[in-house]
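Below: one structure, written as structure tokens.
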Amino acid sequence: MLCIVLGSGGHTAEMVRLLSGVDFDRYSRRLYIVGDTDVISLDQIGILESRRDDEKDEYFVGRVPRSRRVGQPWLTTPISILQCFGQVTRLMYQHMPDAVLCNGPGNCVVVCVVATIARVLGVKRIPIIYVESFARVNTLSLSGKIVYLLADRFIVQWPDILQKYPQAEHVPNLV
């Protein structure tokens, strides 16, 4: 099972483009994790999955509280993160994905932390593949800076970022 983290707007658009290169025969089971208020991503999942007509395919959508809402005061952010963490933990342990694919929405940090905890506790090794947004030309996003420490593969689309983050892989024109 592949766990795919979608955020609203640009993150979802980039992820949909990334998914066009995924081997759905290998990942016939998918878990999509989306923010509880993110209707755009829900629509995109419906469109993407309606193109698949393989009867063995199976997908689940897990809606979780956002780890931080736009404009939310930093003081209340830990509460939001804990709420998100609880829901993500439940989903990840219920579905036990084989890998996580994410590209930067805030909730992906929580998903990656839960995957890392499963690895550290010896529950399951869940590889994390992070693709930094095409819009990040010189620096990483806040999510990217955090997930860089956790990811098994960290992919950037612009070569200048490699100077500060040498463990990253440069793969141009992914999205």
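The values are calculated or read from the model by the stated rules, or taken from the named source; none is laboratory data. In this text the structure is predicted, and so the values were computed from the model without any measurement. Every residue, glycine among them, receives a Cβ derived from its backbone with ideal geometry; neighbour counts consider all protein chains shown. Please note that ligands, DNA and RNA were not included when accessible areas were found on the heavy atoms of the full protein model with its side chains. Shrake-Rupley method; radii C 1.70, N 1.55, O 1.52, S 1.80 Å.
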Quiz prompt | Accessible surface of the chain, 1.4 Å probe, proportion on carbon and sulfur as whole % | solution = 57
Quiz item: For the residue pair Val171 and Asp36, what label-to-label distance in nm results when each label sits 7 Å from Cα along the Cα-to-beta-carbon direction?
Solution: 3.3
Quiz prompt | Exposed trypsin sites (Lys or Arg not before Pro) absent - longest run of the chain, DSSP non-H/G/I/E/B, at most 13 other C-beta within 10 Å | solution = 57-123
Practice problem: Report the GluC sites (Glu not before Pro) located in the range 53-150 that are in a DSSP loop and have at most 12 other Cβ atoms inside 10 Å of their Cβ, or state none. | Solution: Glu55
Self-check item: Contact order normalised by residue count of the chain, Cα under 8 Å, 6+ apart, percent
Solution: 21
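Which of the three applies to the chain, rounded, prolate or oblate, going by the alpha-carbon gyration tensor with a ≥ b ≥ c and a/c under 1.5 meaning rounded?
rounded
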Quiz prompt | For the chain, cysteines whose Cβ has no other cysteine Cβ within reach (under 4.7 Å) | solution = Cys3, Cys84, Cys112
Quiz prompt | Dipole magnitude (debye, nearest 20) for the chain, charges at Cβ of Lys, Arg, Asp, Glu | solution = 600
Quiz item: Between Leu149, Leu121, Leu75, which gets the highest mean-square fluctuation from a Gaussian network model of the chain, Cα cutoff 10 Å?
Solution: Leu75
Exercise. Using just the helices of the chain, give the 222 nm mean residue ellipticity in deg cm²/dmol: DSSP H runs with n ≥ 4 each add -39,500 (n - 2.57), and the total is spread over all residues, rounded to 500.
Key: -11000 deg cm²/dmol
